[in-house]
């Protein structure tokens, strides 16, 4: 195994990736030097210069140290001078892990770090859709596991564009599922009791006009998860889904899947599903309008009612949700 870089520049503002890159770099250094210490310095603070000089200073026993510096984009000139001095004559026992968020600040210092031969890790913001799905795929690969494209798509649609949650979900699936590859069936089964994830499954059944499956999903979610949250999250998921269905219909059949995906901020694979759902509802838009009114009323009931004294208990909310999915999905 090659020696770890003496200077690592982590550049970008996607915090989940930044945290991952810093942790991975530190782990790599500790693999070859298990006793190395770690010190952290925030370059944007008033005490940054003093702290940085102190942790980089020679010690009596010459102990190895990893110095993780964040906030380079906000560093004052005094800190920039201190870091430049260390870069010019880096102590043999010091490894530098430096983070810059890729904004406009600290460009001169960024240039000095690169000129010193830093190994660079990019952690730029991950866009919704295809880029996020690629990150999920890479996370499975990093954990030496395979997952089908359907599993990755369902996971992204279920959890949403939240990288820390997505990484945690991948970790749990890898730990709990022995089958290889991991499929969409595993993802659905694992998240069956999570209210917001179940909500998306219920919404999908409703707008595909599958009332029996929608009702079954409602009852399963209530029985296996947080029953009090199923109503609100299901209604919100239905509202979000129908907004996208209507937006797809408004773009017309001539728009390419890639153009629609960019316009809506969704993965391209989802466009085909939304178009199929639009085709099921566009023939009689009075049905769709009636469903939207019913959905708006249900949202108010799930959140506490339109009038004082209308607040429902959990069982009543579930009953109203069951009526909603059967009525809407069966129109």
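Restricting 98, 87 to residues that are outside any helix (DSSP H, G or I) and modelled with pLDDT of 90 or more narrows the list to 98. Scanning segment 111-130 for residues that are at pLDDT 90 or above, part of a helix (DSSP H, G or I) and surrounded by fewer than 20 Cβ atoms within 10 Å (Cβ to Cβ) yields 111, 112, 114, 115.
Okay, residues lined up against (1) in contact with a strand residue (DSSP E or B) (Cβ under 7 Å, 6 or more places away or on another chain); (2) modelled with pLDDT of 80 or more; (3) under 30 Å from residue 148 (Cβ atoms):
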{"site": "243", "(1), (2), (3)": "no, yes, yes"}
{"site": "255", "(1), (2), (3)": "no, yes, yes"}
{"site": "265", "(1), (2), (3)": "no, no, yes"}
{"site": "270", "(1), (2), (3)": "no, no, yes"}
{"site": "273", "(1), (2), (3)": "no, yes, yes"}
{"site": "289", "(1), (2), (3)": "no, yes, no"}
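If we scan segment 279-287, do we find a residue that is under 25 Å from the mean Cα position of the chain (by Cα) and modelled with pLDDT under 80? No, there is no match, as no residue in segment 279-287 is under 25 Å from the mean Cα position of the chain (by Cα) and modelled with pLDDT under 80. Exactly one residue among 325, 293 is within 21 Å of residue 243 (Cβ to Cβ), assigned by TED's automatic domain parsing to the domain that holds residue 212, at pLDDT 85 or above and exposed (fewer than 12 other Cβ atoms within 10 Å of the Cβ), and that residue is 293.
For beta carbons closer than 7 Å, sequence separation of 6+ or different chains, a first residue in segment 169-187 that is without any contact (Cβ under 8 Å) to a residue 12 or more places away in the chain and a second that is assigned to a helix (DSSP H, G or I) and crowded, with 19+ Cβ neighbours inside 10 Å, the qualifying pairs are 179/186.
Filtering segment 83-105 to residues that are over 25 Å from residue 30 (Cβ atoms) and without any contact (Cβ under 8 Å) to a residue 40 or more places away in the chain leaves 84, 85, 88, 104, 105.
So for segment 153-163 (the condition being assigned to a helix (DSSP H, G or I) and either within 22 Å of residue 4 (Cβ to Cβ) or assigned by TED's automatic domain parsing to the domain that holds residue 54 (or both)), does at least one residue qualify? So far as segment 153-163 goes, no, none of its residues is assigned to a helix (DSSP H, G or I) and either within 22 Å of residue 4 (Cβ to Cβ) or assigned by TED's automatic domain parsing to the domain that holds residue 54 (or both). Select from segment 38-77 the residues that are part of a strand (DSSP E or B) and either out of contact with any strand residue (DSSP E or B) (no Cβ under 6 Å at 6 or more places or on another chain) or surrounded by 14 or more Cβ atoms within 10 Å (Cβ to Cβ) (or both) and list them in ascending order. Correct list: 38, 39, 41, 42, 65, 66, 67, 68, 69, 70.
Residues in segment 195-217 that are at pLDDT below 85 and closer than 17 Å to residue 320 by Cα: 4 in all.
The values are calculated or read from the model by the stated rules, or taken from the named source; none is laboratory data. On a predicted model such as this, the values are computed, not experimentally measured, just so you know. Quick reminder, even Gly has a Cβ in these numbers, built from the backbone with ideal geometry, and neighbours come from all protein chains shown.
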